[in-house]
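Chemist: Please see the structure below; I have some questions.
The values are calculated or read from the model by the stated rules, or taken from the named source; none is laboratory data. In this text the structure is predicted, and so the values were computed from the model without any measurement. Note that each Cβ is placed from the backbone with ideal geometry, even for glycine, and that neighbours are counted across all protein chains shown. Side chains are part of the model used for accessible areas, which takes the heavy atoms of the whole protein and leaves out ligands, DNA and RNA. Shrake-Rupley method; radii C 1.70, N 1.55, O 1.52, S 1.80 Å.
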Amino acid sequence: MAHIYRYPGATDAEAYEWENQIADPERLIEAFMTSVRPMAGATVVDVGAGSAFHAVRFAREAERVFAVEPDSNMLHQAFTRLATDPVANVSVIAADAENVPLHAEIADVIHARFAYFFGPESGGVQSCLPGVQEAQRLLRPGGVFFVIDNALTSGQFAGLLRQYGYVPSHDGAAEQAERDAFWAQLGFRKHTVESWWSARDPWMLRRVVSMEFKPEYVEAIMEQMISTRFSYHYDVYWWTDRQE
């Protein structure tokens, strides 16, 4: 398997579930996706589906959802979810992003959220291109491929990434420009979603922060929090062959 992102949530299922629950609580990302291509009646391929949290959400409107995930621990979480929330139109597929065993032109929507497509940080075009080409193979004419990533220059979460060295420069502008140029050269457009995290209590937020940041940073981060809600902005890069 190539380029599997070993996310900490693979071994901390509870915190991973909590993170999905507190992130983008009003589902602004999905609202934007739907404004570009409605989910109703669509076939959706969720690449790097993790525990199938979003795949099951998509299934409430979509006709069919394929949750593609290579990591065995995440696959276990996905199958556990479907055992307790048995939606009939979700299929889990153990596969890499660059080699999905589905026939060409099957998907109306492809969704990849913090999975595989990490832009220039992951080695540039040569690293991501096989997965991009595979997504384009799977898309029907007029279909849309969405890649969701962190915004690096706006929102409180981006500030924490810069403060604790997860973004090389203090302001993040150079890294943001490089990432935007990377996706632009592949023909993607960009939309920034200004959302937030909202946890039910400080303990829940601490558990999620502990999954995202090194242990030595957690206490200092929690001391900065004046509430259990803080801004988190997402960059949505999207591609379609549709002429507009």
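Chemist: What pairs can you find where one residue is in segment 13-27 and closer than 14 Å to residue 232 by Cβ, the other is surrounded by 17 or more Cβ atoms within 10 Å (Cβ to Cβ), and their Cβ atoms are less than 6 Å apart, with a gap of 6+ or different chains?
Modeler: These pairs meet every condition: 19/208; 20/53; 22/197; 22/198; 22/199; 23/197; 24/195; 25/198.
Chemist: Would you say residue 59 is in contact with a helix residue (DSSP H, G or I) (Cβ under 8 Å, 6 or more places away or on another chain) and within 20 Å of residue 21 (Cα to Cα)?
Modeler: no
Chemist: Of the conditions (1) open to solvent by 20 Å² or more (accessible area, probe 1.4 Å); (2) modelled with pLDDT of 95 or more; (3) among the β-branched types (Val, Ile, Thr); (4) outside any helix (DSSP H, G or I), residue 45 fails just one. Which one is it?
Modeler: Tallying (1) open to solvent by 20 Å² or more (accessible area, probe 1.4 Å); (2) modelled with pLDDT of 95 or more; (3) among the β-branched types (Val, Ile, Thr); (4) outside any helix (DSSP H, G or I), residue 45 fails exactly one: (1).
Chemist: Within segment 60-89, restricting attention to residues that are of a type in the set (A, V, I, L, M, F, W, C) and either more than 18 Å from the chain's Cα centre (by Cα) or in a loop (DSSP other than H, G, I, E, B) (or both), which residue is modelled with the lowest pLDDT?
Modeler: It comes out as 87.
Chemist: Is it the case, given these coordinates, that residue 220 is closer than 30 Å to residue 37 by Cα and among the small types (Gly, Ala, Ser)?
Modeler: In short, no.
Chemist: Condition first: among the aliphatic types (A, V, I, L, M), open to solvent by 30 Å² or more (accessible area, probe 1.4 Å) and modelled with pLDDT under 95. Now tell me which residues in segment 104-148 satisfy that.
Modeler: 125, 129 - these are the residues of segment 104-148 that are among the aliphatic types (A, V, I, L, M), open to solvent by 30 Å² or more (accessible area, probe 1.4 Å) and modelled with pLDDT under 95.
Chemist: Quick check on my filter: what residues within segment 187-230 are open to solvent by 30 Å² or more (accessible area, probe 1.4 Å), touching a strand residue (DSSP E or B) at 6+ places or on another chain (Cβ under 7 Å) and in contact (Cβ under 8 Å) with a residue 40 or more places away in the chain?
Modeler: Scanning segment 187-230 gives 187, 189, 190, 191, 192, 194, 196, 198.
Chemist: Kindly indicate the residue of segment 149-160 that is out of contact with any helix residue (DSSP H, G or I) (no Cβ under 6 Å at 6 or more places or on another chain) and within 30 Å of residue 243 (Cα to Cα) and also most open to solvent (accessible area, probe 1.4 Å) among those meeting that condition.
Modeler: Among those residues, the one meeting the criterion is 150.
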